[in-house]
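Just below is one structure, and these are the notes that go with it.
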Amino acid sequence: MKLEEMCQNSCSNNGECDKVIGCKCEEGFIEHDCSIKIKCYKDCNNNGICHNNGRCGCYPGWTGSLCEMKIPCRNNCTSTVNGVCQKDKTCKCNKGYSGRDCGDNDKVRKKDEYESLLQVGDKVDKIKTNCKNNCSGNGICNEKTKNCSCKDEFIGDDCSINLFKSMNINLESFKKEYIKRDKKVIANKTNVVKDESKVKRDGNRINKLKNKSNLKLAKATAKVN
């Protein structure tokens, strides 16, 4: 049998032509050429599609044998643009929407979150700038007194002046020189302590010699008397 004979009337444009079985009808159509539309009672109330077995297949958000009952979802999922009510009474949100009733517009929510972050950032910046110029990053701000506590080499009410640079002093060289000086001072102090200990020891020896001399002198005087 020729293909044209198997698929008469080109399946009435309601199906596809199959080389083996002939016309393969779309849902809602029957007969060898898919020319007859199956009718369900009340056409499923226009809330579903009529299957070949004569039963209604309801669109999302509708239920019942004739798709006559709307499934009650929270706020009816706001609108059909936002989401579709499912048989389990939950909303299936469309892209760009979220929430139990699909009432949250993700773009608006993200914008609100961004603005909130900006507000928080402004508050943080205000806290940071309680001191002049935020201590120029060279000190710590005292929030109570609003005064800067500058690092070693910085001065000024905002710690903006580098003392060493303004005096053309190399910081590393200064530190090395300072360490050398400290070592000398420590060495000198150690020597002084050593000298003091030596004097003390010598003084004790002298006192002992004096005591011995006095004792000999006293014995000699006693013999004479």
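The values are calculated or read from the model by the stated rules, or taken from the named source; none is laboratory data. In this text, all values refer to a predicted model and were calculated from it rather than measured experimentally. When we count neighbours, we look across all protein chains shown, and the Cβ atoms used for this are built from the backbone with ideal geometry, even at glycine.
In this structure, G48 does not satisfy being closer than 22 Å to T90 by Cβ, in contact with an Asp or Glu (Cβ under 9 Å, 6 or more places away or on another chain) and surrounded by 14 or more Cβ atoms within 10 Å (Cβ to Cβ). Listed residues C17, C23, C40; which is without any contact (Cβ under 8 Å) to a residue 24 or more places away in the chain, crowded, with 20+ Cβ neighbours inside 10 Å and not assigned by TED's automatic domain parsing to the domain that holds G103? From the options C17, C23, C40, the qualifying one is C23.
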